Amino acid sequence: MRRILFTVGVLAASSGGAVAADDLSQVCNQDTNVAMTQCVTEHALAADKELNALWPQVLKKVEAADYLGAAERKVWRDKLVSAERAWATFKDDDCRGAMAFEWYGGSGAGAAMGTCLYEKTTARIADLKARYLDN
């Protein structure tokens, strides 16, 4: 079953120029699938860049947790990095793998995969900000 290209309800991070998923469909409303895919891909890459820039801040917050000893902070950091790697694998397998088959042969596959990457990345940004930076 094919999925709706732009789903509503996944909100992007509030800063960094990210847009909500439903707004992405308006921002990237292009005349051709190629142009739409390029627009969505640019937004996904920008979100990925924002996520990568966020990581040093998250890790700094872990290092600043003075209620834990150095050994515990190292374990926390290692677990967090491991979880992020697992999340990145999931994101790629879902968006570039499973989604590709959902749109198999369809002209909207590229835009659908880019939208999936964007949505998952902006959701991860929002999650990390809420957990590590907004408190």
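The values are calculated or read from the model by the stated rules, or taken from the named source; none is laboratory data. Nothing here was measured: the structure is a model prediction, and the numbers come from that model. Using ideal geometry, Cβ is built from the backbone for each residue, glycine included, and neighbour counts are taken over all protein chains shown. Protein only, heavy atoms only, side chains kept; ligands, DNA and RNA dropped before computing areas. Shrake-Rupley method; radii C 1.70, N 1.55, O 1.52, S 1.80 Å.
Observations, loosely collected:
- Pairs linking a residue in region 50-73 that is touching a residue at least 40 places away in the same chain (Cβ under 8 Å) to a residue that is of a type in the set (K, R) and open to solvent by 70 Å² or more (accessible area, probe 1.4 Å), with Cβ atoms under 7 Å and 6 or more positions apart or on different chains, are V62/R77.
- Listing of helices (runs of 4 or more DSSP H) fully contained in region 58-135 that carry 2 or more residues being hydroxyl-bearing (S, T, Y): 70-92, 109-128
- Residue selected from region 101-125 under the condition open to solvent by 40 Å² or more (accessible area, probe 1.4 Å) and more than 18 Å from T89 (Cβ to Cβ), by the criterion farthest from the chain's Cα centre (by Cα): G105
- Within region 65-82, the set of residues being open to solvent by less than 50 Å² (accessible area, probe 1.4 Å) and within 20 Å of the chain's Cα centre (by Cα) comprises L80, V81.
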